[in-house]
Every structure is written in C-alpha cells, then in structure tokens.
There are 2 protein chains.
Amino acid sequence: MQDYPYTFGISEGIPTHYDNHITRTLSVMAGQFADQGAYDAALAEGDELLYEVYELKRPEVAGELLHGISIVHPGLVGDEYFMTKGHFHAELETAEVYYCLAGEGMMVMETPEGDWAVEELRPGRVLYVPPRWAHRSVNTSRNQDLVTFFVYPGDAGHDYGTIEAQGFRKLVLQKDGRPQILDNPHWRAPAER
Amino acid sequence: MQDYPYTFGISEGIPTHYDNHITRTLSVMAGQFADQGAYDAALAEGDELLYEVYELKRPEVAGELLHGISIVHPGLVGDEYFMTKGHFHAELETAEVYYCLAGEGMMVMETPEGDWAVEELRPGRVLYVPPRWAHRSVNTSRNQDLVTFFVYPGDAGHDYGTIEAQGFRKLVLQKDGRPQILDNPHWRAPAER
C-alpha cells in the first residue's frame, strides 16, 4: 500500500502491480453448482481453478476505492458455466463498477427482495451494479478467460454466506451450445428463509 | 437514472448511454494557463473546446459510484498543453480511479500540504488517485484525444475554487517538442495562503 498516487498496466489480464492474488478452485464452491452429481464427478477428477482475483490493497474505509482484476476461466460443471461464488456487500448500500477487458460472460445479480437482473459482459463495456445488488460473474465463452476490472467502495466488505445459503435466483446454463438464463430450482425465495 | 443494473459501451470515447454532457472551453479557464498573453491571444481567435465529460447520473451519496468518460482534446496555449480545470474533492477524504482508454497524457496531482505527483496516462493503464489529492488531466499528444474512464465516490463533490485561487504546483509544458514537468511560478504554497 502507498499513499502516493500510482499507476499500473494490465498484461494478459494480470496487473503489473498488485498486493493480493486470490485463487478459487472447485472445492470452495460446494453446493453452488446446480448439478451436484456433475460437481462431484468434476471434483473427483481434480480441484480445478475456476477464477482468480488480483487486488490492490487500500484501507478498507469509506472514501477509498478497492480495485483489481477478476479472471474467470472457461469451463463447465455439467452444463453450468464456470462462475464466481458471488456475494452481497456486507455494507449493503454500496455499488460496484466493472469494466470488461476480455472474453464474454454475464453478471447475474439480485436484491435481498428477490429482484433479479442479468447483464452481458463484453470487452469495452461498463457495468454498473447499484447498491443492494448481489453479483456473480459467469464465463460463457468456451475457451477464453473473462477478464474484468472492478472498483468498489473501501467499506463495502463481502457477505458470501447469504448466497451460499440461498443461491442465486437465476442460473446460466449452456443449452444447444448457447448460454441460457434459467430459474434455479434450489433458490430459496425471501419469504421461505 | 435507474435503480436496476445497466451496461454501456464506449464508441470513440463516447458512452452509448449517458445523462450529462459537459463541455469546457478556453473562456472558463481564465487565469489557469501560465502564459496570460498566449491565453488572451488564443481566446481572441475563438473560444475553443478544451475538454468534455460524459456523466452517468447516480445519487450523490456515499456508497454510490459516480462514473463517466473524460475527453481532453489536443492543443496548446503558448507551450502549455490543453488540460482540465482540476479540482480537489469537496469531501477531501475520497479517492478516484481512472482507466485510460486512448491517447497520452499526464495526471498532475497535489495535496493540501503541497506534496505533488505527476503520473503518465496511456491506454490500458489504471491510475489511483488516493483521498486528499487534487487532480488535473493534461493531454500531451499533438493530435489525439486523451480519453479516460473515471470512477469516484457518490459523496465526493468538487472543490474547483482552491485550484482556481492557488494553481497547481507543477505545470506540464511542451519543450523541444516533448512534455516537461516544471514549477509553476504563480503557485501559492500553503504557508502563503
């Protein structure tokens, strides 16, 4: 961390300067993919890398902006695309901005009240996730990484537990070779929680 | 403004969706360029467009992220490059993130205590402006627009008056055809204010 301004480049999705490199493999996503049999079979073959995050460290307080790069690798668990765990911000009233650098994908989002939205990610596109919206990146390409640059308020924090318990309302599955947005049969509506 | 997530593309520096388009011409920069004679002569020729900002509208509260595109056009006033007014955030303890999309330039920055920094802007580079640092974009190209995507906290606000009164400590001038960072003879140090 430094209190002077700084710049960095991004080379093949990797920042030329970063503080943390987080990796998430299949095993941390237990219960998150819809097809449990396919998940168990995939895990038996190996604990594959699903996604990586490169973070620049800043004080985790309001006024600062946490930022970095997310890379979701291509792949399928059954017919469900590789994706991030997804989360609400612990400080729910905080937004996030994404700028897509490479690949193709979708951001799956929902509010605590059960409103949902899915937006496409393509290189050169900006996505605004307003306050209150949980968000998960899904890589819908067969062979390219989905690379995004993200910015969110320093005090946002992460709430992974809610999504781990309830899932997202919508799934993105490959059907007839194309991504389709479908209801998640395991989703627990707010009234059922 | 909408409370649902949204995406937009950026075509030749212009967002495919925006709420405000701000234009700044020579006449709003009175007293900001070092060479007053060159400024007066340029203004006599016409009130040229220096820079433009495309903003997406969001509530101006903490937790939201204001974002948009800044375009600084190429040009000189005497031997000083076209640049933005530059400002502190009214809420001083707020940061800003820039992602450079096109062109070449420099961000001139300083704190209320008189610390200064100048960082280069190039396509594909991220710049982090920590809380407390005033910032001004300077286009150092002879013929290309400097295009940046910016993100800052919703409650940051703008303080233009301090810079209008004191200037930035450093100027970026064209010398021997190249940008050079020089002391601003008109800058008023904190102790002199």
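Bear in mind that the values in this text are calculations on the coordinates, not laboratory data. This structure is a prediction, so every number in the text was calculated from the model and none was measured. So basically every Cβ, Gly included, is an ideal-geometry build from the backbone, and we count neighbours across all protein chains shown.
Here are some notes:
- Shortest-first distances to equivalent copies, position A:P59, nm, label 7 Å out along Cβ: 2.6
- Look at the alpha carbon pairs under 8 Å that are at least 6 residues apart: their mean separation over the length of chain A gives a relative contact order of 23 percent.
- Modelled this way, with points 7 Å down the Cα-to-C-beta line, the labels at A:D115 and A:V28 are 3.0 nm from one another.
- Prolate/oblate/rounded call for segment A:84-193, Cα gyration tensor, a/c under 1.5 rounded: oblate
- A crude spin-label estimate for the pair B:I181 and B:K57, with each label 7 Å from Cα along the Cβ direction, gives 3.9 nm.
- Percent of C-alpha pairs per 10 Å bin in chain A, short distances first: 9, 36, 38, 15, 2, 0.
- Considering the protein assembly as shown at the alpha-carbon level, its Rg and Dmax are found to be 22.8, 77 Å.
- Sequence-separation-based contact order of segment B:68-182, relative, with Cα cut under 8 Å and 6+ spacing, percent: 38
- Under the Karplus curve 6.51 cos²θ - 1.76 cosθ + 1.60, θ = phi - 60°, whole-Hz ³J(HN,Hα) for segment B:143-148, x wherever Gly or Pro sits: 9, 10, 5, 9, 10, 10
- Residue among A:L49, A:G103, A:F82 farthest towards the positive dipole end of segment A:1-134, charges placed on Cβ: A:G103
- Summing charges over neighbours of A:L127, with a neighbour being any other residue whose Cβ is under 12 Å away from its Cβ, gives -1 when K and R count +1 and D and E count -1.
- ³J(HN,Hα), Karplus 6.51/-1.76/1.60, whole Hz, each residue of segment B:45-57, x for Gly, Pro: 7, x, 8, 5, 6, 8, 7, 9, 10, 9, 10, 9, 7
- In a reduced charge model with +1 at each Lys and Arg Cβ and -1 at each Asp and Glu Cβ, the protein assembly as shown shows a dipole moment near 400 debye about its Cα centre.
- Model label points for A:D35 and A:I14, set 7 angstrom from Cα along the Cα-to-Cβ axis, are 3.2 nm apart.
- For B:D115, net neighbour charge (Lys/Arg +1, Asp/Glu -1) across residues whose Cβ lies under 13 Å away: 0
- Calculated label separations, B:G37, copies of the chain, 7 Å along the beta-carbon direction, nm: 8.6
- Lysine pairs in the protein assembly as shown with Cα atoms under 30 Å, if 8 or more residues apart or on separate chains: 11
- Whether segment B:23-65 is rounded, prolate or oblate, judged on the alpha carbon gyration tensor where a/c under 1.5 counts as rounded: prolate
- Counting other Cβ atoms within 10 Å as a rough exposure proxy, the listed residues A:K85, A:K175 run A:K175, A:K85 from fewest neighbours to most.
- Listed residue (B:L26, B:Q36, B:P59) projecting farthest to the positive dipole end of segment B:1-149, Cβ model: B:P59
- Under the convention that each Lys and Arg Cβ holds +1 and each Asp and Glu Cβ holds -1, the size of the dipole of segment B:72-131 around its Cα centre is about 300 debye.
- Restricting segment B:100-193 to GluC sites (Glu not before Pro) in coil, as DSSP defines it, with at most 15 other Cβ within 10 Å: B:E113
- Given charges at Cβ of Lys, Arg, Asp, Glu: segment A:72-193 dipole, positive-most of A:Y152, A:Q174, A:V129: A:Q174
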